[in-house]
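Here is the structure we will look at, set down as C-alpha coordinates.
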Amino acid sequence: MSNGQPADNSRRNWVIATGVAGGAAAVATAIPFADTFNPSEEAKAAGAPVEFDLSGMRPGEQRTAVWRGKPVWIVRRTPEMLAELEKHDSELADPDSKRNTSGPDALNPPFACKNQWRSVNKEYLVLIGICTHLGCSPGQKFMTGPQPSLPSDWPGGWLCPCHGSTFDLAGRVFKNKPAPDNLGVPPYKLDNDEHPTRLVIGEVTKA
Ligand code: FES
(Lines give C-alpha, C1' and ligand atoms only; values in the text may rest on other atoms or scores of the structure.)
Protein backbone atom coordinates (compact mmCIF):
# COMPACT_ATOMS: atom_id res chain seq x y z
CA MET A 1 0.00 0.00 0.00
CA SER A 2 1.19 3.52 -0.70
CA ASN A 3 1.87 6.04 2.02
CA GLY A 4 1.17 9.03 -0.16
CA GLN A 5 0.19 12.13 1.82
CA PRO A 6 -1.74 14.79 -0.09
CA ALA A 7 -0.91 18.39 0.56
CA ASP A 8 -4.48 19.55 1.16
CA ASN A 9 -4.62 20.46 4.83
CA SER A 10 -8.21 21.61 4.99
CA ARG A 11 -9.65 20.34 8.23
CA ARG A 12 -13.03 19.74 9.71
CA ASN A 13 -14.71 20.35 6.41
CA TRP A 14 -17.12 17.55 7.11
CA VAL A 15 -20.24 19.64 7.12
CA ILE A 16 -20.03 19.79 3.34
CA ALA A 17 -18.44 16.41 2.88
CA THR A 18 -21.08 14.56 0.98
CA GLY A 19 -21.17 13.08 -2.45
CA VAL A 20 -22.58 10.58 -4.86
CA ALA A 21 -20.51 7.93 -6.58
CA GLY A 22 -20.35 8.99 -10.16
CA GLY A 23 -20.26 12.69 -9.64
CA ALA A 24 -23.30 14.68 -8.65
CA ALA A 25 -23.33 15.73 -5.01
CA ALA A 26 -26.40 15.23 -2.90
CA VAL A 27 -27.10 16.32 0.63
CA ALA A 28 -29.41 14.04 2.48
CA THR A 29 -32.44 15.27 4.28
CA ALA A 30 -33.58 13.84 7.54
CA ILE A 31 -37.34 13.49 7.35
CA PRO A 32 -39.92 12.67 9.97
CA PHE A 33 -41.75 9.38 9.44
CA ALA A 34 -44.21 9.46 12.29
CA ASP A 35 -45.97 12.11 14.29
CA THR A 36 -44.36 10.75 17.40
CA PHE A 37 -40.91 11.06 15.87
CA ASN A 38 -40.37 14.76 15.55
CA PRO A 39 -37.63 15.97 17.89
CA SER A 40 -36.95 19.69 18.01
CA GLU A 41 -33.75 21.14 16.63
CA GLU A 42 -32.65 21.76 20.20
CA ALA A 43 -33.29 18.13 21.08
CA LYS A 44 -31.38 16.94 18.02
CA ALA A 45 -28.39 19.09 18.99
CA ALA A 46 -28.53 17.56 22.45
CA GLY A 47 -28.35 14.09 20.99
CA ALA A 48 -31.90 13.14 20.03
CA PRO A 49 -32.22 10.42 17.38
CA VAL A 50 -32.28 11.50 13.75
CA GLU A 51 -34.33 9.78 11.09
CA PHE A 52 -33.13 9.23 7.54
CA ASP A 53 -35.06 8.09 4.46
CA LEU A 54 -33.25 5.30 2.61
CA SER A 55 -35.87 4.71 -0.05
CA GLY A 56 -34.43 7.04 -2.68
CA MET A 57 -30.82 5.94 -2.41
CA ARG A 58 -29.23 4.46 -5.50
CA PRO A 59 -26.68 1.61 -5.34
CA GLY A 60 -23.21 3.09 -4.92
CA GLU A 61 -24.51 6.34 -3.46
CA GLN A 62 -23.30 8.13 -0.31
CA ARG A 63 -25.36 10.70 1.58
CA THR A 64 -24.76 12.56 4.80
CA ALA A 65 -26.96 13.14 7.83
CA VAL A 66 -26.04 15.09 10.95
CA TRP A 67 -26.32 13.51 14.39
CA ARG A 68 -25.07 15.22 17.56
CA GLY A 69 -23.50 17.83 15.31
CA LYS A 70 -21.42 15.24 13.50
CA PRO A 71 -21.60 14.00 9.91
CA VAL A 72 -22.96 10.49 9.55
CA TRP A 73 -22.40 8.87 6.20
CA ILE A 74 -24.94 6.48 4.77
CA VAL A 75 -23.69 4.38 1.86
CA ARG A 76 -25.74 1.96 -0.20
CA ARG A 77 -23.10 -0.55 -1.23
CA THR A 78 -23.27 -2.48 -4.48
CA PRO A 79 -22.50 -6.22 -4.73
CA GLU A 80 -19.15 -5.27 -6.25
CA MET A 81 -18.33 -3.02 -3.29
CA LEU A 82 -19.22 -5.78 -0.86
CA ALA A 83 -17.06 -8.27 -2.76
CA GLU A 84 -14.05 -5.96 -2.37
CA LEU A 85 -14.35 -6.19 1.42
CA GLU A 86 -13.34 -9.85 1.36
CA LYS A 87 -10.01 -9.31 -0.36
CA HIS A 88 -7.75 -7.25 1.89
CA ASP A 89 -8.11 -8.21 5.56
CA SER A 90 -4.33 -8.67 5.85
CA GLU A 91 -3.80 -5.03 4.89
CA LEU A 92 -6.08 -3.64 7.60
CA ALA A 93 -5.08 -2.51 11.10
CA ASP A 94 -8.18 -3.91 12.79
CA PRO A 95 -10.15 -5.97 10.26
CA ASP A 96 -12.59 -7.39 12.83
CA SER A 97 -13.08 -4.13 14.75
CA LYS A 98 -11.85 -5.74 17.98
CA ARG A 99 -10.19 -2.74 19.54
CA ASN A 100 -11.70 -1.55 22.76
CA THR A 101 -11.59 2.14 22.06
CA SER A 102 -13.50 4.49 24.27
CA GLY A 103 -14.97 7.91 23.88
CA PRO A 104 -18.23 9.68 23.29
CA ASP A 105 -18.69 8.80 19.65
CA ALA A 106 -19.07 5.05 19.73
CA LEU A 107 -15.86 4.29 17.86
CA ASN A 108 -16.60 0.62 18.23
CA PRO A 109 -19.45 -0.71 16.16
CA PRO A 110 -22.55 -1.56 18.13
CA PHE A 111 -23.26 -5.19 18.81
CA ALA A 112 -25.30 -5.79 15.67
CA CYS A 113 -22.46 -4.46 13.50
CA LYS A 114 -19.73 -6.80 14.70
CA ASN A 115 -19.47 -8.48 11.38
CA GLN A 116 -17.47 -8.38 8.17
CA TRP A 117 -19.54 -5.52 6.78
CA ARG A 118 -19.80 -3.47 9.99
CA SER A 119 -23.48 -2.98 9.39
CA VAL A 120 -26.88 -4.32 10.36
CA ASN A 121 -27.85 -4.82 6.71
CA LYS A 122 -24.75 -5.42 4.62
CA GLU A 123 -26.01 -3.23 1.78
CA TYR A 124 -26.35 -0.12 3.98
CA LEU A 125 -23.25 1.17 5.74
CA VAL A 126 -23.61 3.85 8.44
CA LEU A 127 -20.42 5.62 9.59
CA ILE A 128 -19.32 8.67 11.51
CA GLY A 129 -17.47 10.63 8.83
CA ILE A 130 -14.62 11.91 10.99
CA CYS A 131 -11.06 10.60 10.75
CA THR A 132 -9.89 8.89 13.94
CA HIS A 133 -6.49 10.60 13.69
CA LEU A 134 -7.11 14.33 14.18
CA GLY A 135 -10.68 14.75 13.08
CA CYS A 136 -10.50 15.69 9.40
CA SER A 137 -13.14 14.59 6.97
CA PRO A 138 -12.00 11.76 4.68
CA GLY A 139 -12.91 12.16 1.02
CA GLN A 140 -14.92 9.65 -0.96
CA LYS A 141 -12.79 7.47 -3.23
CA PHE A 142 -15.16 4.79 -4.46
CA MET A 143 -13.44 4.23 -7.80
CA THR A 144 -11.13 1.21 -7.60
CA GLY A 145 -7.62 0.84 -9.02
CA PRO A 146 -4.65 3.16 -9.46
CA GLN A 147 -5.15 6.91 -8.95
CA PRO A 148 -3.24 9.77 -7.29
CA SER A 149 -2.36 9.31 -3.60
CA LEU A 150 -3.72 5.76 -3.54
CA PRO A 151 -2.17 2.32 -4.06
CA SER A 152 -2.48 0.56 -7.40
CA ASP A 153 -4.72 -2.11 -5.87
CA TRP A 154 -7.07 0.42 -4.24
CA PRO A 155 -10.36 -1.38 -3.42
CA GLY A 156 -12.51 1.73 -2.98
CA GLY A 157 -13.18 3.63 0.24
CA TRP A 158 -12.10 6.96 1.68
CA LEU A 159 -8.86 8.96 1.79
CA CYS A 160 -8.23 11.47 4.56
CA PRO A 161 -6.68 14.55 2.93
CA CYS A 162 -4.88 15.72 6.06
CA HIS A 163 -2.27 13.00 6.59
CA GLY A 164 -3.17 10.26 4.13
CA SER A 165 -5.07 7.71 6.18
CA THR A 166 -7.13 5.37 4.07
CA PHE A 167 -10.29 3.46 4.92
CA ASP A 168 -12.03 0.67 3.06
CA LEU A 169 -15.71 0.42 2.14
CA ALA A 170 -16.55 -0.70 5.68
CA GLY A 171 -14.67 2.24 7.22
CA ARG A 172 -11.76 0.03 8.32
CA VAL A 173 -8.40 1.78 8.44
CA PHE A 174 -5.45 0.38 6.51
CA LYS A 175 -2.21 -0.51 8.32
CA ASN A 176 0.67 1.91 8.81
CA LYS A 177 -1.47 5.03 8.60
CA PRO A 178 -1.75 7.87 11.12
CA ALA A 179 -5.36 7.07 11.99
CA PRO A 180 -5.31 4.56 14.87
CA ASP A 181 -8.81 3.16 14.50
CA ASN A 182 -11.58 2.35 12.12
CA LEU A 183 -14.20 5.00 11.45
CA GLY A 184 -16.91 4.98 14.07
CA VAL A 185 -20.27 3.33 13.63
CA PRO A 186 -23.00 5.23 15.49
CA PRO A 187 -25.84 3.44 17.22
CA TYR A 188 -28.71 3.05 14.76
CA LYS A 189 -31.66 0.89 13.84
CA LEU A 190 -33.51 0.08 10.64
CA ASP A 191 -37.25 -0.21 10.17
CA ASN A 192 -36.65 -3.59 8.55
CA ASP A 193 -33.30 -5.35 8.77
CA GLU A 194 -33.86 -7.30 5.52
CA HIS A 195 -35.39 -4.60 3.33
CA PRO A 196 -34.87 -1.27 5.07
CA THR A 197 -36.45 1.96 3.90
CA ARG A 198 -35.84 4.07 7.00
CA LEU A 199 -32.97 4.53 9.41
CA VAL A 200 -32.90 6.05 12.88
CA ILE A 201 -29.47 7.22 14.02
CA GLY A 202 -29.02 7.33 17.78
CA GLU A 203 -31.25 4.39 18.69
CA VAL A 204 -30.69 0.65 18.63
CA THR A 205 -33.13 -2.20 18.36
CA LYS A 206 -33.78 -3.59 21.81
CA ALA A 207 -32.91 -7.28 22.20
S1 FES B 1 -6.73 13.64 10.44
FE2 FES B 1 -7.01 12.00 9.03
S3 FES B 1 -5.02 11.32 8.65
FE4 FES B 1 -4.73 12.91 10.08
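The C-beta contact set for region 154-179 (first residue modelled with pLDDT of 95 or more and basic (Lys, Arg), second residue outside any strand (DSSP E or B) and within 9 Å of the ligand (Cβ to nearest atom), distance under 6 angstrom, 6+ apart or interchain) comprises Lys177/Ser165.
Please determine whether any residue of region 133-154 is in contact with an Asp or Glu (Cβ under 6 Å, 6 or more places away or on another chain) and assigned to a loop (DSSP other than H, G, I, E, B). Among the residues of region 133-154, not one is in contact with an Asp or Glu (Cβ under 6 Å, 6 or more places away or on another chain) and assigned to a loop (DSSP other than H, G, I, E, B), which makes the answer no.
Taken as a whole, region 88-103 holds at least one residue that is within 23 Å of Pro178 (Cα to Cα), in the same structural domain as Arg198 (by TED's automatic domain parsing), in contact with a Cys (Cβ under 9 Å, 6 or more places away or on another chain) and at pLDDT below 95.
Evaluating Phe167 against the criteria (1) near the ligand (Cβ under 10 Å from one of its atoms); (2) part of a loop (DSSP other than H, G, I, E, B) leaves one unmet condition, (2). Contact map, region 135-147: first residue aromatic (Phe, Trp, Tyr), second residue open to solvent by less than 10 Å² (accessible area, probe 1.4 Å) and within 16 Å of the ligand (Cβ to nearest atom), Cβ cut-off under 8 Å, separation 6 or more or different chains; pairs are Phe142/Gly157.
Determine whether region 155-172 contains at least one residue that is charged (D, E, K, R), within 22 Å of Arg76 (Cα to Cα) and buried (at least 21 other Cβ atoms within 10 Å of the Cβ). First the steps, then the outcome.
Kept after step one, since they are charged (D, E, K, R), are these residues of region 155-172: 168, 172.
Of the ones still in play, those that are also within 22 Å of Arg76 (Cα to Cα) are 168, 172.
Imposing the further condition that a residue be buried (at least 21 other Cβ atoms within 10 Å of the Cβ) reduces the set to 168, 172.
Yes, there is a match, as at least one residue in region 155-172 is charged (D, E, K, R), within 22 Å of Arg76 (Cα to Cα) and buried (at least 21 other Cβ atoms within 10 Å of the Cβ).
Whether any residue in region 114-123 is modelled with pLDDT of 70 or more, crowded, with 21+ Cβ neighbours inside 10 Å and closer than 27 Å to Asn176 by Cβ is what I want to check.
The initial filter retains those residues of region 114-123 that are modelled with pLDDT of 70 or more, namely 114-123.
Those still in the list that are crowded, with 21+ Cβ neighbours inside 10 Å too: 118-120.
With the extra rule that they be closer than 27 Å to Asn176 by Cβ, the set shrinks to 118-119.
Yes, because at least one residue in region 114-123 is modelled with pLDDT of 70 or more, crowded, with 21+ Cβ neighbours inside 10 Å and closer than 27 Å to Asn176 by Cβ.
Residues that are surrounded by fewer than 21 Cβ atoms within 10 Å (Cβ to Cβ), assigned by TED's automatic domain parsing to the domain that holds Ser137, of a type outside the set (Gly, Ala, Ser) and out of contact with any strand residue (DSSP E or B) (no Cβ under 8 Å at 6 or more places or on another chain): does region 179-189 have at least one? No, every residue in region 179-189 fails to be surrounded by fewer than 21 Cβ atoms within 10 Å (Cβ to Cβ), assigned by TED's automatic domain parsing to the domain that holds Ser137, of a type outside the set (Gly, Ala, Ser) and out of contact with any strand residue (DSSP E or B) (no Cβ under 8 Å at 6 or more places or on another chain). Within region 197-205, is there a residue that is within 16 Å of the ligand (Cβ to nearest atom) and not charged (D, E, K, R)? No, region 197-205 has no match at all. Here is the figure for region 170-201: residues that are in a loop (DSSP other than H, G, I, E, B) and in contact with a helix residue (DSSP H, G or I) (Cβ under 7 Å, 6 or more places away or on another chain) total 2.
For the residues Gly135, Gly145, Gly156, the requirement of being in the same structural domain as Thr78 (by TED's automatic domain parsing) and within 16 Å of the ligand (Cβ to nearest atom) singles out Gly135.
Is it true that Arg118 is in the same structural domain as Glu91 (by TED's automatic domain parsing) and within 16 Å of the ligand (Cβ to nearest atom)? The answer is no for Arg118.
The values are calculated or read from the model by the stated rules, or taken from the named source; none is laboratory data. Being a predicted model, the structure only gives us computed values, none of them experimental. As a convention, Cβ positions derive from the backbone with ideal geometry for all residues, glycine included, and neighbour counts pool all protein chains shown. The accessibility values were calculated without ligands, DNA or RNA, using every heavy atom of the protein model including side chains. Shrake-Rupley method; radii C 1.70, N 1.55, O 1.52, S 1.80 Å.
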